[in-house]
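Following: one structure in structure tokens, then a few remarks.
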Amino acid sequence: DVKSADELGALDPAAIQRVREEAWPQPRSAEEVHEALLWMGYVTVEEAQPWDEWIQALRAAGRIVLDGERWFAVEVEASREPKTVLRGRLEALGPIVSDDPLLFELESEGVVLRGRFEGREGWCDRRLLARIHRYTLERLRREIEPVSAQDFLRFLACWQHVDHEHQLDGPRGVAEVVGQLAGFELPAAAWEGSVLPARVRGYKREWLDQLTLSGELAWGRIWGGGAGPIRTTPICLLPREDLESWTALSAAHAEVELKLSGNARLVFDALRARGAMFPQELARAARLLPSHFELALSELVARGLLTSDSFGALRWLIVPPSRRRSAIATQGVWGSSPASQGVWGSSPASQGVQGSSPASIGRWSLLRPIADSGNVGAGLVPARDPAPAPEFIARQLLRRTGVVFRRTLAREKQPLPWRDLIRVYRTLEARGEIHGGRFVAGFDGEQYALPEAVPLLRAVRRRGALEPINVSAADPLNLRGILTPEPRIAPTTRTKVLVA
């Protein structure tokens, strides 16, 4: 709509005025006035008033003529071509508002561009418009003084909703956090053990179950694959509508031969043959004992091949069998709805799971398309799908941290190189969708920020020190040793990291 067009990529009025002043000729003699009339076509009587002495001298010499309210050089008057005259005028005036049909011909030739200037639709010489755009970007880059790395960490705590004043609420808060952290892998147990509770007030696991069961969110291992304990298996949470884009990107850049154990292969083949199944159907189709079935599920999840309709299915695998049995013995078997699930343990990740088996926790399905190798025993390879445009990743990284530069990508596993992302960010800056500049001091290279991140950066700097905030080492905010001079702390440790 018109309002959005005016706000998105709006050119600085001061830059427009500056270019108009630069483009308009500033003659110092009659000869320079004549030269200006040759390339700009004409001047009106009103425009020529500051040059009146030179104009009269040129008229007396027979070098210019008056046609109505316009002064023309004799050479232009003799062979006046309307399109050429209009083109010269645009080179001298900057943006104009006009309905002259010749403007459409000049636009088709690439001489002028159409756009909105100071809230109105108009036309501008291509060269002058580029200069206006450059001046606008320079002004935007001067708007904010770079903050320190410590201020930037405080900003990230607010931007990612870990700061108490910026925490979110309810299921919509969970969806917002997942949308912001989409594509970032964390140990499976860390999502409900520390990351989501740190960002959503009074976090309840049924909120995540509702969002996954409704099809709004999905989970799975996106980057790579390998056998390992299910609690520490790297898992992504992300909007289901973007699942294909993420899996296509990972499949195109991280092709891994998947050598499955015998039990895991039985489960995988059953899913490939019959599609998504509930746990009891899948166990029966694979003909496995419950303990072997669970191990097979864990292996397929760790390999990046398996997901479920509900996060509760992953939660079931995370909780040790002994703790499940003790909870069932103490509290009985719970109902089939998430709201009726029992609770025990010191963190959401260790809370009980409904029922005495995973039978009531959604359907299991393959995470991504799989290419049939023709020889199951030789291993299975993810199908190669076209990778999404770099703009998809570039926008997600901006959403994650608000301000993006090379060092903010240190813990990201996405495979696109920084040079590809920079091309996208330069384009977005040219469109006016993001700002480029120096936002964080002490780091080399180009930096880009969302427009809404700049006011928060300023507010955090004015606010000063926050209350101490500690996060788990697995948290995306663990940027120690990346943005700070201290040694790095591995995400797999149980150490707490001070953010601000």
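Protein heavy-atom surface of region 121-280, 1.4 angstrom probe: 49% of the accessible area is carbon and sulfur, with nucleic acids and ligands not counted. With R₀ fixed at 51 Å, the C-beta to C-beta distance from Arg139 to Ala276 puts the FRET efficiency at about 0.40. Solvent exposure of His292, expressed as accessible area, is near 80 Å², computed with a probe of 1.4 Å over the protein chains only.
Aspartates and glutamates near Lys259 by alpha-carbon distance under 17 Å, same-chain residues fewer than 8 away left out - which ones? Cross-link targets: Asp269, Glu299, Asp372.
Multiplying the residue separation of Arg323 and Val45 by 0.36 nm and removing their Cα-Cα distance gives an extension gain of 90.9 nm. The modelled label-to-label distance between Glu244 and Thr495, using points 7 Å beyond Cα along the C-beta direction, is 4.3 nm.
Once the Cα-Cα distance is subtracted from the 0.36 nm per residue extended length, the Asp52 to Arg406 segment shows a gain of 121.6 nm. Sorting the segments 311-320, 205-214 by their residues' average number of neighbouring beta-carbon atoms within 10 angstrom, most packed first, yields 311-320, 205-214. Once all protein chains are placed together, Thr408 keeps about 10 Å² accessible to a 1.4 angstrom probe. Spacing of the modelled spin labels on Arg126 and Arg419, each 7 Å from Cα toward Cβ, amounts to 2.8 nm. The phi-based Karplus calculation (6.51 cos²θ - 1.76 cosθ + 1.60; θ = phi - 60°) puts the 3J(HN,Hα) values of region 486-496 at 5, x, 6, 10, 5, x, 7, 7, 9, 6, 7 Hz, whole numbers, x for Gly and Pro. With the simple model of a label 7 Å out from the Cα in the direction of the Cβ, Arg438 to Arg462 spans 2.3 nm.
The values are calculated or read from the model by the stated rules, or taken from the named source; none is laboratory data. Worth saying up front: this structure is predicted, and the values here are computed from it rather than measured. Every residue, glycine as well, gets a Cβ built from its backbone with ideal geometry; the counts of neighbours run over all protein chains shown. The accessibility values were calculated without ligands, DNA or RNA, using every heavy atom of the protein model including side chains. Shrake-Rupley method; radii C 1.70, N 1.55, O 1.52, S 1.80 Å.
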